[in-house]
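The values are calculated or read from the model by the stated rules, or taken from the named source; none is laboratory data. What you see is a predicted model, and the numbers here were worked out from it, not measured in a lab. Note: ideal-geometry Cβ built from the backbone for every residue, glycine included; neighbour counts use all protein chains shown.
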Amino acid sequence: MKNWMSGLFLVLFLASSALMQGGCDGKASENVVEKVTSDGSEASPEGTMPEGVKEEVAQEATSEQEAIVEKMPERSEDIPEAKPETQATNTLAFVISSDYVSGQLGILDVHKRTWIRQDAAVLSGDAVMRVWGDLLFVLNRYNDPQKEDVVLVFNTKTLLEVGRYNVGAKSNPQDIAVINDQKAYISLYERPHVLIVHPTTGEEKGKIDLSTLVEASKKTCTKGDDCKDAFGNGSATCNAGTCAADGLPEATKMLLFQEKVYILVQGLDRNDGFVPLKSVLAAIDAKNDTLLAQPLTMKGGNPTAFVDDAQGNWLIVQNGNAFDPKDGGVERFDLNQGKLAGSFLITEEKLGGSLPQNGAMVVISPTLGYVLVSDASFKQSLVSFNPTTGSKEKDLIVGAELGELAMHEGQLLLADRSKGAFGVRVLEAASGTAVTQDPISTGKLPPAQIVIVKRAN
């Protein structure tokens, strides 16, 4: 992404854009039982904040918040089993609340709109969720070399923690794609490979090299210091007037379809303010754990999410440069043919703002979808659009602080991060009108991500 030098503005932008993919055999899935959008903070967010920016945010934390970050539960016993009266609840919303320094996991009864637990687990300030079958994965990310990035695994029926494992300090996990009950892929933003692990134990089974997808820098230089930003991002190496590559492809979201895992690769030049240079849609053979040749080049740059288009295909949200509200758009991806449309279905310019860094978009039907867009002051608006014609319909909420969207049985759940009145809002999906007058409070921290899970009786 562009111009990470604008530190203060970036903090505001990322703090206003809250932090879903994987699958099961034979069909595409987003690691969700029902459609939910995604992560992150990075460049997305769904990457994470650059190191220096996160450090600035962390310095402003109170000692109480810092203590919360340190207090992650150590054993599954720390997460009590659901009470008998909650066992029959069919639909739950797992909600991550975060101020980007500390975080917590809450469990909401969607039908009753009451909390089963508001503090089911203490998380890092930058965490994302994915679901596969009866398992909920929480990927905790720290900007601290003394702390390993930790994956927590919960059983969505019992609400018990059934696994936890480390994936490396400052590795910045972005997504998990579960291939089967013995193998999963984890994309790491700060590593040039995909990690292969056992889904619940974290036992490492191998790595998939992504170094061929690293972008070549175009930034000119006279010395090594020209090849890094104020936060130390970049190669810091000048070779014959051009910066050396930063060595990282910035792999983010994944989507499993049959025996292939599609992975969004942002290809951002860290020497030059995270400008997207080589954004591609790559594919991995899930049988042989090998990167397939000839990745697909997307219409735009800096992809952040896969979104089910309600017509059998998928949409790829592409943000372009972070502070340019006119260079991004949404492109359709035909899974059966493995082809991109080659053009934008709808552009940031038509939507009236920058697409969300967390890919916050849901499609209700072939003629109705919702997306969050940001304006020049880093405020978000909830906008409806037509996924078939690519036309914007209307603005429903304007100039707010919003996180993510989730959809369930004709209703939208919206993470409202507005100061003094944050919580989960419920809207009628067909019209976008409010179902609840006030948001469902998330307690001390504003909501960042919502995942809907439908449990079998």
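Laid out as a table, the results:
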read-out	value
Segment 131-164: number of residues that are closer than 25 Å to residue 265 by Cβ, in a strand (DSSP E or B) and touching an Asp or Glu at 6+ places or on another chain (Cβ under 8 Å)	3
Flag for residue 246 being touching a Leu at 6+ places or on another chain (Cβ under 9 Å), surrounded by 19 or more Cβ atoms within 10 Å (Cβ to Cβ) and of a type in the set (Asp, Glu)	yes
From 440, 452, residue being buried (at least 17 other Cβ atoms within 10 Å of the Cβ) and either in contact with a His (Cβ under 7 Å, 6 or more places away or on another chain) or at pLDDT below 90 (or both)	452
Qualifying positions in segment 307-342 - touching a Leu at 6+ places or on another chain (Cβ under 6 Å) and closer than 13 Å to residue 283 by Cβ	333, 340
Boolean, residue 187 is assigned to a loop (DSSP other than H, G, I, E, B) and either touching a Leu at 6+ places or on another chain (Cβ under 8 Å) or within 24 Å of residue 145 (Cα to Cα) (or both)	no
Criterion violated by residue 413 - all others in (1) at pLDDT 95 or above; (2) at positive phi satisfied	(2)
Qualifying residue in segment 170-183 (condition: at pLDDT below 95, of a type in the set (S, T, N, Q) and over 22 Å from the mean Cα position of the chain (by Cα))	no
The one condition in (1) touching a helix residue (DSSP H, G or I) at 6+ places or on another chain (Cβ under 7 Å); (2) within 29 Å of residue 179 (Cα to Cα); (3) outside any strand (DSSP E or B) that residue 282 fails to fulfil	(3)
Qualifying residue in segment 318-325 (condition: of a type outside the set (Ser, Thr, Tyr), over 17 Å from the mean Cα position of the chain (by Cα), over 17 Å from residue 279 (Cβ atoms) and surrounded by fewer than 17 Cβ atoms within 10 Å (Cβ to Cβ))	no
Flag if residue 236 is touching a helix residue (DSSP H, G or I) at 6+ places or on another chain (Cβ under 8 Å), surrounded by fewer than 19 Cβ atoms within 10 Å (Cβ to Cβ) and either farther than 28 Å from residue 90 by Cα or of a type in the set (Ser, Thr, Tyr) (or both)	yes
Subset of segment 366-400 (residues that are touching a Pro at 6+ places or on another chain (Cβ under 8 Å) and surrounded by fewer than 19 Cβ atoms within 10 Å (Cβ to Cβ))	366, 367, 375, 376, 388
When residues of segment 391-421 are limited to those that are in a loop (DSSP other than H, G, I, E, B) and out of contact with any Gly (no Cβ under 9 Å at 6 or more places or on another chain), the one farthest from residue 323 (Cα to Cα)	409
Flag for residue 330 being hydrophobic (A, V, I, L, M, F, W, C) and within 24 Å of residue 408 (Cα to Cα)	yes
Some residue of segment 255-266 being touching a helix residue (DSSP H, G or I) at 6+ places or on another chain (Cβ under 9 Å) and closer than 20 Å to residue 231 by Cβ	no
Which numbered condition residue 197 fails, given (1) buried (at least 17 other Cβ atoms within 10 Å of the Cβ); (2) out of contact with any Asp or Glu (no Cβ under 6 Å at 6 or more places or on another chain)	(2)
